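The values are calculated or read from the model by the stated rules, or taken from the named source; none is laboratory data. The model shown is predicted, which means the values in this text are computed figures rather than measured ones. In this analysis, Cβ positions are derived from the backbone assuming ideal geometry, glycine residues included, and neighbour counts consider all displayed protein chains.
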Amino acid sequence: MNIHVSRVSDGSSNRNTLVLIRPRLAHISAILRSNSGAVPLGNLTYRVILPEGEVREGASDEEGFFEEAEVPPGDYPMEIEGLSARFLVPTTPVHIRRRPLRVPGYFLMPCEEGAFEDDTLAEGEPPEDEAAMQDEAEWEDLETFEDSRFDNA
């Protein structure tokens, strides 16, 4: 909170005036989205930790939308159901509503160990779909030719 003191003179007397200036309040108005931004995170409980230890709790609607009014401008730690880490959620001016917010680290399905390992076939192992594969003999019969128009020599 800012404090402003001014001295006012009306000709006959001097007086001091104390004016307290409150910071303009903002709000948090967001649509929670998955890490990729493709899927709304609906019906999840959340906690926003404001200054001086104030905690606001609630749940997003089916579209992932939530709103917290009368919040001092800034970025605040937020926790949501299903995510162990906190992330920062920014406030927005009161005229902006339903701002999309990607939740870092919130993936739609957990990665299993080894899920992205190399799936190449071992030597001599037949492919799963042989109809989709072409016979290697067709590739060996390809002919090549050289075109002198593309020589740089």
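Points worth noting:
- Residues that are without any contact (Cβ under 8 Å) to a residue 60 or more places away in the chain and over 14 Å from the mean Cα position of the chain (by Cα) were ranked within the stretch 77-109; the one that is farthest from Ala26 (Cα to Cα) is Met109.
- Cross-chain or 6+ apart pairs with Cβ under 8 Å, the stretch 49-61 first and without any contact (Cβ under 8 Å) to a residue 12 or more places away in the chain, then part of a strand (DSSP E or B) and surrounded by 10 or more Cβ atoms within 10 Å (Cβ to Cβ): Val55/Arg47; Val55/Val48; Val55/Ile49
- Hey, Ser12 surrounded by 10 or more Cβ atoms within 10 Å (Cβ to Cβ) and either at pLDDT 95 or above or among the hydroxyl-bearing types (Ser, Thr, Tyr) (or both) or not: no
- Scanning the stretch 35-76 for residues that are over 18 Å from the mean Cα position of the chain (by Cα), closer than 13 Å to Thr91 by Cα and in a loop (DSSP other than H, G, I, E, B) yields Leu50, Pro72, Pro73.
- When Gly37, Gly82, Gly64 are checked against the criterion of being crowded, with 17+ Cβ neighbours inside 10 Å, out of contact with any Cys (no Cβ under 7 Å at 6 or more places or on another chain), at pLDDT below 95 and not aliphatic (A, V, I, L, M), a single residue qualifies: Gly64.
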